[in-house]
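Following: one structure in structure tokens, then a few remarks.
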Amino acid sequence: MAKKIITIAREYGSGGRLIAQKVAEKLNLIYYDNQIIDLAAMELGFDIETIRKAAHERSSTFIYTMSASSFQLPLNDQVFATQSKIIRHLAKEDKACIIVNGCADYILEDFDDVLSVFIHAPIDSRIARVKDEYKEEHDDYLKFIKKQDKRRSNYYNYYTTKKWGQLKNFDLTVNSDIGIENVANIIVDLYLKGK
């Protein structure tokens with residue numbers, strides 16, 4: 001079956017978002033990233049910043065909120081469920097798109113028309129990218145990047161039945177050190193061969 005959706009998961013600082021944007025441009029695909037979180041915020045009726053924070057953290061307790069005599073899931077779980085619903089809705093629509101979301105490969109694992117990609121890179125390259133391209137300032141870049149990866153790993157491992165970053169979870173895993181443009185071209189070629 002022809003591929004119509006690309007999911008991108010990535011290590012922090014690997015350039016995954018930049019690659020996804022280039023692929024979307026080259027293939028003229030609709031690009032979804034934070035828009036999914038923003039749609040979840042609208043659906044749940046919370047402000048975007050609250051939802052963006054909850055969208056990157058797994059539930060840490062079994063505490064449920066009580067509202068008007070009914071129990072609700074913790075906000076993090078509500079956000080994951082809502083994002084999942086939105087991603088599945090996008091996949092069911094008759095539109096080709098690229099989705100940058102750490103769990104999209106899992107959420108869409110039962111769809112045949114998905115190309116799932118994981119972008120990684122050596123730590124030195126990631127540190128350089130965070131400093132030079134992302135223009136972020138941190139006291140300890142290594143510690144910061146490892147913390148971001150740990151957060152992504154914890155989130156993925158909590159909400160899925162898979163392990164974050166494992167090769168077998170993806171159709172393609174690629175080291176972005178071969179060049180952002182080269183990686184984008186590899187993904188484009190693979191996507192087009194699936195048509």
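The values are calculated or read from the model by the stated rules, or taken from the named source; none is laboratory data. What you see is a predicted model; the values in this text were computed from it and never measured. Glycine also receives a Cβ, built like all others from the backbone with ideal geometry; neighbour counts cover every protein chain displayed. Please note that ligands, DNA and RNA were not included when accessible areas were found on the heavy atoms of the full protein model with its side chains. Shrake-Rupley method; radii C 1.70, N 1.55, O 1.52, S 1.80 Å.
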**Report entry** Meets criteria (open to solvent by 20 Å² or more (accessible area, probe 1.4 Å), at pLDDT 70 or above and touching an Asp or Glu at 6+ places or on another chain (Cβ under 9 Å)) for residue 27
**Finding:** no
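Which one of 36, 19 is surrounded by 15 or more Cβ atoms within 10 Å (Cβ to Cβ) and at pLDDT 85 or above? Can you show your working first?
Numbers: 36 fails: at pLDDT 85 or above.
The match here is 19.
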Requested in this report: Give the residue that is least open to solvent (accessible area, probe 1.4 Å), with candidates limited to residues of the stretch 129-156 that are within 28 Å of residue 74 (Cβ to Cβ), of a type outside the set (Val, Ile, Thr) and touching a residue at least 24 places away in the same chain (Cβ under 8 Å).
Outcome: 156
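Of 105, 124, which residue is under 25 Å from residue 186 (Cα atoms), touching a strand residue (DSSP E or B) at 6+ places or on another chain (Cβ under 7 Å) and part of a helix (DSSP H, G or I)?
Numbers: 124 fails: touching a strand residue (DSSP E or B) at 6+ places or on another chain (Cβ under 7 Å).
The match here is 105.
Determine which member of the set 106, 191 is open to solvent by less than 40 Å² (accessible area, probe 1.4 Å), of a type in the set (Ser, Thr, Tyr) and out of contact with any Asp or Glu (no Cβ under 9 Å at 6 or more places or on another chain). Show your work before the answer.
Details: 106 fails: open to solvent by less than 40 Å² (accessible area, probe 1.4 Å).
After applying the criteria, what remains is 191.
Would you point out the residue of the stretch 157-180, among those that are among the aromatic types (Phe, Trp, Tyr) and not in a helix (DSSP H, G or I), that is least open to solvent (accessible area, probe 1.4 Å)? First the steps, then the outcome.
First, pick out the residues of the stretch 157-180 that are among the aromatic types (Phe, Trp, Tyr): 158-159, 164, 170.
Now drop any that are not not in a helix (DSSP H, G or I), which leaves 164, 170.
Numbers: 164: 48, 170: 22 Å².
Checking each candidate, the answer is 170.
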